[in-house]
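Asks: The structure's right below; bear with me while I get my questions together.
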Amino acid sequence: MKKIQMVDLKGQYNEIKEVVNSSINEVIETTTFINGPKVHQFQNNLEDYLGVKHVIPCANGTDALQIAMMGLGLKPGDEVITADFTFAATVEVIAVLNLTPVLVDVDPETFNIDIEAVKKAITPKTKAIVPVHLFGQCANMEAIMDIAKAHDLYVIEDNAQAIGAKYKFSDGKEVMSGTIGHVASTSFFPSKNLGGYGDGGAIFTNDDNLAHVIRGVVNHGMYERYHHDVVGVNSRLDSIQAAVLDAKLPHLDTYNNKRRAAADAYDMAFKSVEGITIPKRSGDHVFHQYTLKIQGVDRDALVAHLQANAIPCGVYYPIPLHRQKAYVDARYNESDFTVTNQLVKEVISLPMHTELEADQIAFITKTVIDFVTNK
């Protein structure tokens, strides 16, 4: 059995190395390192894949979120509602812009933002909702868009973990994640379902005017060289990363299908084991992470047991955002975060990537089950 890895980027690279190497060499030979043809080619191909009018590449996923908020013209003091159970970048950019983060609890099964909690959090100062499509499946976007319309709010999709996932509305209409809200952000961090060989990100929107503003923001506020029309930042996807991403984009659906197949194998092994709750699939799921809930067992002891058996794993996330030192706020009551406070004690994410093999999954599942059933 091969060594088990949390993410096997080398194995994935070996499958497409000739195309990747050729694309990188083309950038090096032409020396078009910034805003070169590969960036525009990737942008156009991703627009076609997603069925969205505008993709604006940028330097990383955190910048993508910040730039989306800058493009919308949110002002200091405006309240932005988002999930308590997610990576800190989502709330970080809200604070960086001197907006007011409003953290709310999540659904106990999907781990995505709780709709009733969103409704309760709305005040006259609320200007936007940031649903995070956590671990690879969409939040309840139909309900979120209805809430936003009723209260005249912006919706900014954090699509860093769910690129390639589809969302189906109650009328049967199906669209890609990141194309539903007013604007969306994504990350091309190497471990993502569509990952580069360094940092990268992008913003998506169907709004022509917003896209125009954002294109200025990512490039120092310039539409014409040395003419700074809006307050901007320096956040550009470099041509080498665009070349890598464009080489990988045609394989994204295959990558996601491989992740689903690995998740199916995990599900089959765990579904009848007392003390283990497998991931809820509320719709299409592309499994950026495969995350179990463990009950009646010391989760941290399980982590140590897996590591002792050379099985990598992760706890995403061990501390709620409302308890993080940077984001503690007297407005928050622990009673409003009962689900998140429980999840941080129970969740564990197992290896999930496109190169997982049957014998590896068998060893991982047996090791987990033996520990859980013997405790």
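The values are calculated or read from the model by the stated rules, or taken from the named source; none is laboratory data. Keep in mind the model is a prediction, meaning the values are calculated, not measured. Counting neighbours? That spans all protein chains shown, and the Cβs are built from the backbone with ideal geometry, glycine included. Accessible surface is based on the protein model in full, side chains and every heavy atom, while ligands, DNA and RNA are left aside. Shrake-Rupley method; radii C 1.70, N 1.55, O 1.52, S 1.80 Å.
Asks: Which helices of the chain meet both criteria: a Cα extent of 18 Å or more along the helical axis and a mean Kyte-Doolittle score no lower than 0.5, with helices taken as whole DSSP H segments?
Replies: Details: long enough: 9-30 (28 Å, -0.45); 37-50 (20 Å, -1.17); 252-270 (27 Å, -0.85); 358-373 (22 Å, 0.91).
Helix filter hits for the chain: 358-373.
Asks: Can you give me the % of accessible surface on segment 195-346 that is carbon or sulfur? Probe 1.4 Å, all protein chains present, nothing else counted. Don't jump to the answer; show the numbers that get you there.
Replies: Working: 3540 of 7180 Å².
Carbon plus sulfur share of accessible area: 49 percent.
Asks: Still on this structure, I have one more. Can you put M352, M268, M222 in order of accessible area, largest first, using a 1.4 Å probe?
Replies: Descending order: M268, M222, M352.
Asks: Now for a different question. How much accessible surface area, in Å² rounded to 10, belongs to the heavy atoms of H228 with a 1.4 Å probe?
Replies: Per-residue accessible area (H228): approximately 110 Å².
Asks: Count charges around V218 for me, please; just the other residues with Cβ under 11 Å from its Cβ, Lys/Arg as +1, Asp/Glu as -1.
Replies: Residues close to V218 contribute a combined charge of +1.
Asks: Per residue, how large is the accessible surface of the chain? Use a 1.4 angstrom probe and give square angstrom.
Replies: Working: 16310 Å² over 375 residues.
Per-residue value: 44 Å².
Asks: From the alpha carbon gyration tensor of segment 285-372, can you work out the equivalent ellipsoid semi-axes (sqrt of 5 times each eigenvalue) and give them in Å, largest to smallest?
Replies: Taking √(5λ) for each Cα gyration eigenvalue gives 29, 15, 11 Å.
Asks: As an exercise, use a Förster radius of 45 Å and the Cβ-Cβ distance of E26 and R281 to find the FRET efficiency, rounded to the nearest 0.05.
Replies: 0.65
Asks: Next question. Past 25 Å, Cα to Cα, is the threshold; run K168/K345; K192/K325; K17/K258; K120/K293; K2/K280; K173/K271 against it and keep the listed order.
Replies: Beyond 25 Å: K168/K345; K192/K325; K120/K293; K2/K280; K173/K271.
Asks: Placing +1 at every Lys and Arg Cβ and -1 at every Asp and Glu Cβ, with all other atoms neutral, what dipole size does segment 118-254 have around its Cα centre, in debye to the nearest 20?
Replies: Here segment 118-254 has a charge dipole of around 340 debye.
Asks: I've got another one for you. Can you pull the percent of segment 33-157's accessible area that's carbon plus sulfur, 1.4 Å probe, other chains left in place?
Replies: Numbers: 2350 of 4570 Å².
That share works out to 51 percent.
Asks: Let me ask something additional. Rounded, prolate or oblate: which fits the chain when a ≥ b ≥ c are the square roots of the eigenvalues of the alpha-carbon gyration tensor, with rounded for a/c under 1.5 and prolate only if a/b beats b/c?
Replies: Judged from the Cα gyration tensor, the chain comes out oblate (a/c at least 1.5, b/c at or above a/b).
Asks: Under the Karplus relation 6.51 cos²θ - 1.76 cosθ + 1.60, θ = phi - 60°, what is the ordered set of whole-Hz ³J(HN,Hα) values for segment 315-325, x standing for Gly and Pro?
Replies: Listing the rounded values in order: 10, 10, 9, x, 9, x, 4, 5, 9, 5, 3 Hz.
Asks: Sticking with this one: In whole Å, what is the distance between the alpha-carbon centres of segment 65-143 and segment 304-375?
Replies: Value for the Cα centre distance between the two parts: 22 Å.
Asks: What is the gain in length, in nm to one decimal, between D264 and M222 on full extension, counting 0.36 nm per residue of separation less the C-alpha to C-alpha distance?
Replies: So the chain would gain 10.3 nm between D264 and M222.
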